[in-house]
1. Determine the relative contact order of the range 64-153: mean sequence separation of Cα pairs under 8 Å and six or more apart, normalised by residue count, in whole percent.
2. Under 13 Å from the Cβ of D141, count the other residues' Cβ atoms, weight Lys and Arg +1, Asp and Glu -1, and hand me the total.
3. Could you derive backbone 3J(HN,Hα) for the range 78-94 from the dihedral phi with the Karplus parameters 6.51, -1.76 and 1.60 (θ = phi - 60°), listing whole Hz in sequence and x where the residue is Gly or Pro?
4. Ordered by residue, what ³J(HN,Hα) values in Hz, to whole numbers, does the range 190-202 give under the Karplus form 6.51 cos²θ - 1.76 cosθ + 1.60, where θ = phi - 60° and Gly and Pro are x?
5. Dividing the Cα convex hull volume of the range 45-166 by residue count, how many Å³ per residue is that?
Amino acid sequence: MSHADYLRRFLAEGKTEVEYREWSRWCGIKASHSYKDRLLCEQLGIDGVAELGQWAPVPLETDITLQQLVDSLLTECENPADLALCYLELLRVQPGRGTANDHTRDGFLCEHLGPFPKESFLRWGDRNWLPDVSRGWFRADGLPIDVQCLELSEGFGREITEDDVIAFVVAYRKGSYRPPHERLIRHFEDCWLERYGFRLTPKYAEHLGQKTGLLAQEPQPHELEAVPF
């Protein structure tokens with residue numbers, strides 16, 4: 001039966017097109033989750049992902065940094081359901097997106113450093129670094145780097161030097177900087193993709209946690225009443 005037939009019957013039962021599209025979207029998500037479950041089962045040699053709920057967790061060190069903890073998890077943990085819950089925990093404690101809550105020097109520079117004349121860069125940096133610097137940083141009428149450093153240091157509460165600015169613009173093209181926690185989450189997602197062959201998403205992480213019993217399951221609104229076809 002085509003989607004048009006489904007939609008026709010859906011509307012005949014008094015449902016709206018919006019409700020139908022929401023149901024269709026949910027069916028797509030469910031099919032995607034089932035496909036990813038099969039991929040994991042094939043790789044791990046298990047009959048169903050629910051078995052992952054019985055795997056013993058890997059003991060980890062505690063007196064280490066968050067970065068070290070995540071690296072240790074990604075290296076030593078073989079349970080994708082356990083990793084999925086760790087991913088959700090990282091998302092849960094993630095500060096607001098962007099750099100507003102990033103109190104590092106680089107985060108402050110990302111928010112407040114303005115463009116500057118190319119001559120100012122050449123005064124404080126090395127001409128050989130120019131290919132690594134985004135043209136977006138250069139503007140003839142921009143404030144010189146040394147002038148900006150005075151204002152930046154006052155706003156940051158600690159000294160920001162010309163070398164700090166040069167190192168930042170060489171390391172990050174304009175607009176490419178991401179806060180440490182955001183980079184950590186992306187690193188987690190990239191490692192999952194490399195290991196399992198598909199990208200981890202919050203919805204799939206929740207699904208895997210619920211299927212294994214490691215995460216409380218909430219009924220989907222679409223499962224509470226039968227679809228009228």
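A short reminder: the numbers here are calculations on the coordinates, not readings from a lab. Model, not experiment: these values are computed from the prediction. Positions of Cβ are generated from backbone atoms using ideal geometry, with glycine treated the same way; all protein chains shown enter the neighbour counts.
1. Values: 47 pairs, mean separation 22.1, N = 90.
With pairs under 8 Å counted, the relative contact order is 25 percent.
2. With Lys, Arg at +1 and Asp, Glu at -1, the net is +1.
3. With coefficients 6.51, -1.76 and 1.60, one gets 9, 9, x, 5, 5, 5, 4, 5, 5, 4, 4, 5, 4, 5, 5, 9, 5 Hz.
4. 5, 5, 4, 4, 5, 7, 10, x, 8, 7, 7, 10, x
5. Convex hull of Cα atoms, per residue: 185 Å³.
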